[in-house]
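> Below is a structure I'd like to ask you about.
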Amino acid sequence: MNSVTRRYFLMSSGLGVAAPLAARASSLNGANNRIRVAVIGVKGRGGSHISGFAALSKQNVELAALCDVDESVLNRRLAEAEKQSIKKLGAFTDMRRVFDDKSIDVVSFATPNHWHALGTTWACQAGKDVYVEKPASHNIFEGRKMVEAARKYHRIVQHGTQIRSSPAIQEAMQLLREGAIGDVYMAKGLCYKRRDTIGKASEEAVPSGVHYDLWMGPAPARPFTRNRFHYQWHWQWAYGNGDIGNQGVHQLDVARWGLGVGLPSKVQSMGGHFMFDDDQETPNTQLTAFMYPAEKKLLTFEVRHWDTPAEGTDLKIGVLFLGSKGYMEISSYGQYRIFLGKEAKPSGTRDEDGDHFANFIQAVRSRKPEMLNADIEEGHRSSALAHLANLSYRLGRTLVFDPQSETFPGDAEANAHLGRKYRSPYVVPEKV
């Protein structure tokens with residue numbers, strides 16, 4: 001541990017002086033009580049978590065600590081915070097030490113996907129409220145365990161599908177329910193992101209300051225390469241879920257929300273890894289269909305990775321809703337447009353973002369999960385769509401799914417992939 005990290009870490013290690021956990025939890029009621037937040041995983045999306053919670057300081061929210069397994073990343077964020085005159089922060093490389101600190105009320109996860117479920121479970125068990133990035137889980141089993149942990153320990157757990165806090169998209173959902181485009185029978189999610197090759201990376205020694213065993217956590221132990229680490233982990237099955245589980249979860253969530261459906265009874269997905277000869281394991285081109293026979297609705301999703309035309313007026317990342325009177329376009333950042341009739345005449349539009357972090361803090365103060373715009377139950381379902389798509393793709397066949405039991409009836413092969421084998425001691429428990 002280098003000097004900067006050591007200085008901050010020692011500041012945050014005296015854990016015996018905080019108020020008892022039960023007292024801390026009960027004291028959060030009311031706008032005048034301080035909420036202390038730790039952000040875990042601070043390289044990429046974690047930067048938005050840092051700025052998002054720091055911006056709530058006038059609401060008596062204190063950014064209290066940062067945690068990352070890469071000391072160089074951690075030190076850079078600490079230095080940035082110091083330049084911005086943010087109060088000196090506690091610093092950790094092991095998230096378990098964050099959970100030990102009873103002065104921390106909230107933990108916010110922007111770690112790789114394979115850490116979301118176990119980190120959230122541990123945090124709930126330690127009495128912390130949680131903001132967790134998308135996708136909620138790495139597999140279907142984990143998502144259900146996260147919901148169970150939130151309910152058992154009476155924790156507020158917000159999923160990072162922040163478009164649910166957009167007033168414009170909330171209005172769009174209401175318009176769909178009111179019949180603005182007639183009877184909605186289909187939604188198509190789009191993820192057309194130009195992704196270049198990741199190349200090939202050789203095995204090498206773990207870089208200095210990287211706590212690689214902690215980074216691997218629940219995943220299998222594998223030698224270090226640059227393509228199994230920062231960001232490129234998205235394209236490795238052991239840690240990520242491809243683009244349908246990366247960008248795609250946002251659009252799957254909106255599509256499911258607008259259709260008014262939960263989990264499907266049938267899924268079919270196909271595609272491949274085209275153009276590049278590199279280390280990527282996940283598909284870069286993928287077509288998926290989710291069937292809802294009882295609701296008479298269809299949800300489709302398409303991932304394209306290279307140069308490709310937009311759909312609708314200019315949509316490359318978003319959702320198209322098709323109805324008996326027209327269609328609606330929803331972009332990825334809080335805008336909707338309605339087009340009606342054979343001539344597709346514009347009928348309504350609005351563009352307005354929201355503050356997902358502020359919504360989370362409001363729910364933390366109220367102790368009412370129903371105030372969340374993206375409760376973990378919704379996050380689990382939308383993430384499960386990505387997992388179902390990937391499982392169908394990897395098995396190479398259509399899957400029949402029971403939304404109630406969240407299993408594949410009579411399909412031992414598919415059921416064997418609902419979860420994963422965990423590397424001790426980083427085990428997501430059957431009983432949380």
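> Sort out which residues of region 268-297 are polar (S, T, N, Q) and assigned to a loop (DSSP other than H, G, I, E, B), and write them in order of number. Give the derivation first.
Here is the first cut: in region 268-297, the ones polar (S, T, N, Q) are 268-269, 280, 282, 284-286, 288.
Once the filter is applied, which keeps residues that are polar (S, T, N, Q) and assigned to a loop (DSSP other than H, G, I, E, B), region 268-297 yields Gln280, Thr282, Asn284.
> May I ask you to list pairs of residues, at least six apart or on different chains, whose Cβ atoms are under 9 Å apart, with the first in region 397-409 being free of Cβ contacts under 8 Å to residues at least 60 places away in the same chain and exposed (fewer than 13 other Cβ atoms within 10 Å of the Cβ) and the second being assigned to a strand (DSSP E or B) and of a type in the set (Val, Ile, Thr)?
Listed by first residue and then by second, the contacts come to Pro409/Val400.
Residues checked against (1) under 21 Å from the mean Cα position of the chain (by Cα); (2) buried (at least 22 other Cβ atoms within 10 Å of the Cβ):
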{"residue": "His211", "(1), (2)": "no, no"}
{"residue": "Gly217", "(1), (2)": "yes, no"}
{"residue": "Trp235", "(1), (2)": "yes, yes"}
{"residue": "His250", "(1), (2)": "yes, yes"}
{"residue": "Asp253", "(1), (2)": "yes, yes"}
{"residue": "Gly260", "(1), (2)": "yes, no"}
{"residue": "Asp278", "(1), (2)": "no, no"}
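> If I filter region 243-259 for residues that are farther than 24 Å from Gln170 by Cα and part of a loop (DSSP other than H, G, I, E, B), do I get at least one hit?
So far as region 243-259 goes, no, none of its residues is farther than 24 Å from Gln170 by Cα and part of a loop (DSSP other than H, G, I, E, B).
> Here is a list of conditions, (1) modelled with pLDDT of 95 or more; (2) in a loop (DSSP other than H, G, I, E, B); (3) over 21 Å from the mean Cα position of the chain (by Cα); (4) among the hydroxyl-bearing types (Ser, Thr, Tyr), and Thr313 meets all of them except one; can you say which number that is?
It is condition (1) that Thr313 fails.
> On to the next question. Quick one: which helices (runs of 4 or more DSSP H) lie wholly within region 37-129 and hold at least 3 residues that are small (Gly, Ala, Ser) and farther than 20 Å from Arg423 by Cβ? So that I can check it myself, show each step before the final result.
Values: elements: 46-54, 71-83, 95-100, 116-125.
In region 37-129, the matching helices (runs of 4 or more DSSP H) lie at 46-54, 71-83.
> Which residues, taken from region 240-286, are β-branched (Val, Ile, Thr) and free of Cβ contacts under 8 Å to residues at least 40 places away in the same chain?
In the first step, residues of region 240-286 are kept if they are β-branched (Val, Ile, Thr); the result is 244, 249, 254, 261, 267, 282, 285.
Passing the criteria: Val261, Thr285.
> Keeping to region 173-208, report how many residues are outside the structural domain of Ser269 (by TED's automatic domain parsing) and either touching a strand residue (DSSP E or B) at 6+ places or on another chain (Cβ under 7 Å) or in a helix (DSSP H, G or I) (or both).
0
> Select from region 140-170 the residues that are part of a helix (DSSP H, G or I) and among the polar types (S, T, N, Q) and write down the one among them that is farthest from Ile104 (Cα to Cα).
Gln170
> Moving to a separate point now. Test each condition in (1) part of a strand (DSSP E or B); (2) closer than 24 Å to Ala389 by Cβ; (3) in contact (Cβ under 8 Å) with a residue 60 or more places away in the chain for Arg350 and report the one that comes out false.
For Arg350, the failing item is (2).
> Does Thr300 count as assigned to a strand (DSSP E or B), surrounded by fewer than 20 Cβ atoms within 10 Å (Cβ to Cβ) and either out of contact with any Asp or Glu (no Cβ under 9 Å at 6 or more places or on another chain) or of a type outside the set (Ser, Thr, Tyr) (or both)? Spell out how you get there, then give the answer.
Values: assigned to a strand (DSSP E or B): yes; surrounded by fewer than 20 Cβ atoms within 10 Å (Cβ to Cβ): yes; either out of contact with any Asp or Glu (no Cβ under 9 Å at 6 or more places or on another chain) or of a type outside the set (Ser, Thr, Tyr) (or both): yes.
Spelling it out, Thr300 is indeed assigned to a strand (DSSP E or B), surrounded by fewer than 20 Cβ atoms within 10 Å (Cβ to Cβ) and either out of contact with any Asp or Glu (no Cβ under 9 Å at 6 or more places or on another chain) or of a type outside the set (Ser, Thr, Tyr) (or both).
> Okay, moving on. Would you check if there is a residue in region 158-169 being under 20 Å from Pro425 (Cβ atoms), of a type in the set (A, V, I, L, M, F, W, C) and touching a Gly at 6+ places or on another chain (Cβ under 6 Å)? Write out each step before concluding.
Initial filter on region 158-169 (under 20 Å from Pro425 (Cβ atoms)): none.
Among the residues of region 158-169, not one is under 20 Å from Pro425 (Cβ atoms), of a type in the set (A, V, I, L, M, F, W, C) and touching a Gly at 6+ places or on another chain (Cβ under 6 Å), which makes the answer no.
The values are calculated or read from the model by the stated rules, or taken from the named source; none is laboratory data. Because the structure is a prediction, the values reported are computed rather than measured. As a convention, Cβ positions derive from the backbone with ideal geometry for all residues, glycine included, and neighbour counts pool all protein chains shown.
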